[in-house]
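The values are calculated or read from the model by the stated rules, or taken from the named source; none is laboratory data. Worth saying up front: this structure is predicted, and the values here are computed from it rather than measured. Don't worry about glycine lacking a Cβ; one is built from the backbone with ideal geometry, like all the others, and counts go over all protein chains shown. SASA here: full protein model, heavy atoms, side chains in, ligands and nucleic acids out. Shrake-Rupley method; radii C 1.70, N 1.55, O 1.52, S 1.80 Å.
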Amino acid sequence: MLRLFAGLAMLAVFCAPAAALDRGAIGRLASGDADEQRQALDALVADNDVSALPFLQDLLADRVKIGADTTIIVDGDHGLDPLERAPVALPSDLEDVSTSNSLRLAIEESIAALELLSPDPALRLEAVKRLQNAELDEARLALIAKAESHERDSAVRDGLRQMRALSELQSGDRAMRLAAAKALRASVSGRVREALKARLASEEDGEIRVALTRSLRNVESSLAIGENLGIVFSGVSLASILLLAALGLAVTYGLMGVINMAHGEMMMIGAYATYVAQNCFRAYLPDHFQWYLAAAAPVAFVVAALIGVVIERMVIRFLYGRALETLLATWGVSLILMQTVRTMFGAQNVQVENPAWMSGRVFVMENLQLPYNRIVIIAFSLAVLALVSFLLARTRLGLFVRAVTQNRTMAKCVGVDSSRIDTIAFALGSGIAGLAGVALSQVGNVGPDLGQHYIVDSFMVVVLGGVGQLAGAVYAALGLGVAGKIFENLAGAVLAEIALLVFLIVFIQKRPQGLFALGGRQAD
């Protein structure tokens, strides 16, 4: 009960401004010069005038218009009085309000400052994030101090304390600078790190320098943890894409010994199938557009699998046992597929939009933000891996595939139709590549050359993990993804790629069978 009364009291403090927006302030904001507009904004913030928020948001959205002697908010074909929010007639002589970039920035900062008084903790936290890089004047600092004194949410309170301490770090008061240096010790922010470095370079007081040094060391340590975790997440994200790209190749290459250079084009086909599904939903099912990926995934799988059947029946079937000839033939097929896509969709990249539920990111730390689309792709890769593992390990089809992979001649002797299994396996591998294309469409450009960027990496994963071994593909993708991102962070993208290629060459020289050797009496 006491908490309820305390919360009501805080809400009353937040929502009871000392003054209200009046027509004089509206006139200065809409038609005054730059100094009058800035003074009007400062006055609203100094008075904690949350009633001004709707008008400021309209002003920022360019909905405020001015006439000869009036200011009106234009909402479509309707006019609203800016003070009473009541409908009014639209005059014919309305003009746009002149808002410079500096004024728009000041309006955004003023909106964020006033939203610190919102009863919604999520809105207050978002306002804190928007104010972190703002230049705070006395009015905004006073509002931040008031909000901090009444704040009960720990995340919001920490953000307010950090903003206030950063400002006090430049104070002429020694005690205030010392307190600010100590208060920033728990911060995790690049801006705080740079502010501490700058203050340390000009600070002459020994005790404050010690406090600044300790805080700087703690901040850099925390930032390093976030940066390292970000590198690991980027590596896992890349590994999930490499795994999706290599899973189908692990099936086809391991089973048939076919060097399929058109595997990348199966990914491209999956990405374009996603693009077509997106356009169909936008045209015919706009109310369900956010779920177009649920339809795109099976469509991409089926389309890529059918094209894989055609390639296997018309090309691959006549070249079994001749690996170099399959390489040349499938390279030609890849050129045909790329040119076909260029003819149908054009040579330029096409735009595939992320659904709303895949947009945005999770804020773990200030320098560690995990994009939703990457998280979804990691989960999608694990789901595809689980389905493929179940298919190969727990079904009759998987038993036949494993039998043909380990000893094709003996499998034929016990009645396995190896020709039919080859077609199904190639279709399965192509379909999985189509699913990889669905994932790739959510993180990069979709164009005719999409598959060419991943074909070499796919073969690297398969060869490193062991031909025909799903477990090996998982470990190889994870190792290459994380190691690639670590080397890239240390030495750059080009040197990282060279280092991985050198490592792979040396590894294959020492262990030609890969991480996991293929079991059985015979390994073709």
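Structure notes:
- All told, LEU141 meets the bar of being open to solvent by 20 Å² or more (accessible area, probe 1.4 Å), not in a loop (DSSP other than H, G, I, E, B) and not β-branched (Val, Ile, Thr).
- Scanning segment 424-444 for residues that are open to solvent by 10 Å² or more (accessible area, probe 1.4 Å) and over 25 Å from LEU370 (Cα atoms) turns up ILE424, ALA427, LEU428.
- Cβ-Cβ contacts under 8 Å between residues 6 or more apart (or on different chains), taken from a first residue in segment 150-164 that is under 22 Å from ALA181 (Cβ atoms) to a second residue that is surrounded by 15 or more Cβ atoms within 10 Å (Cβ to Cβ) and of a type in the set (Ser, Thr, Tyr), are listed as GLN162/SER187; GLN162/SER189.
- The residue pairs whose first member lies in segment 373-394 and is more than 20 Å from GLY429 (Cβ to Cβ), whose second member is open to solvent by 60 Å² or more (accessible area, probe 1.4 Å) and among the aromatic types (Phe, Trp, Tyr), and whose beta carbons are closer than 9 Å, counting only pairs six or more residues apart or on different chains, are VAL376/TRP357.
- Selected residue (only one of LEU8, LEU53 is at pLDDT 80 or above and closer than 28 Å to GLY159 by Cα): LEU53
- Residue match in segment 365-386 (condition: of a type in the set (Val, Ile, Thr), within 23 Å of TYR253 (Cα to Cα) and outside any helix (DSSP H, G or I)): no
- Applying the criterion of being open to solvent by less than 80 Å² (accessible area, probe 1.4 Å) and not in a loop (DSSP other than H, G, I, E, B) to the residues of segment 349-363, the residue that is farthest from SER187 (Cα to Cα) is VAL350.
- Members of segment 162-195 that are surrounded by 22 or more Cβ atoms within 10 Å (Cβ to Cβ), of a type in the set (A, V, I, L, M) and within 15 Å of MET365 (Cα to Cα): VAL192
- Qualifying residues in segment 67-98 (those that are among the aliphatic types (A, V, I, L, M) and more than 15 Å from GLN57 (Cα to Cα)) - the one farthest from the chain's Cα centre (by Cα): ALA68
- Every test in (1) at pLDDT 90 or above; (2) over 22 Å from the mean Cα position of the chain (by Cα) is passed by VAL258 save one, and that test is (1).
- The listed residue being among the hydrophobic types (A, V, I, L, M, F, W, C) and not in a helix (DSSP H, G or I), out of VAL443, VAL456, VAL438, VAL462: VAL443
- Of everything listed in (1) in contact (Cβ under 8 Å) with a residue 12 or more places away in the chain; (2) open to solvent by less than 30 Å² (accessible area, probe 1.4 Å), the single unmet condition for GLU95 is (2).
- Scanning segment 400-417 for residues that are assigned to a helix (DSSP H, G or I) and surrounded by 14 or more Cβ atoms within 10 Å (Cβ to Cβ) yields PHE400, VAL401, ARG402, ALA403, VAL404, THR405, GLN406, ARG408, MET410, ALA411, LYS412.
- Enumeration of residues in segment 219-240 that are open to solvent by 10 Å² or more (accessible area, probe 1.4 Å) and either among the hydrophobic types (A, V, I, L, M, F, W, C) or without any contact (Cβ under 8 Å) to a residue 60 or more places away in the chain (or both): GLU220, SER221, ALA224, ILE225, ASN228, LEU229, ILE231, VAL232, PHE233, VAL236, LEU238
- The set of residues in segment 479-504 that are loosely packed, with under 13 Cβ neighbours inside 10 Å, within 22 Å of the chain's Cα centre (by Cα) and assigned to a helix (DSSP H, G or I) contains only ALA493.
- The residue that is least open to solvent (accessible area, probe 1.4 Å), counting only those in segment 25-70 that are acidic (Asp, Glu) and not in a loop (DSSP other than H, G, I, E, B), is ASP58.
- Qualifying residue in segment 453-464 (condition: more than 30 Å from MET358 (Cα to Cα) and touching a residue at least 40 places away in the same chain (Cβ under 8 Å)): yes
- Residues in segment 266-303 that are without any contact (Cβ under 8 Å) to a residue 24 or more places away in the chain and among the hydrophobic types (A, V, I, L, M, F, W, C): VAL276, ALA277, CYS280, PHE281, ALA283, LEU285, ALA294, ALA295.
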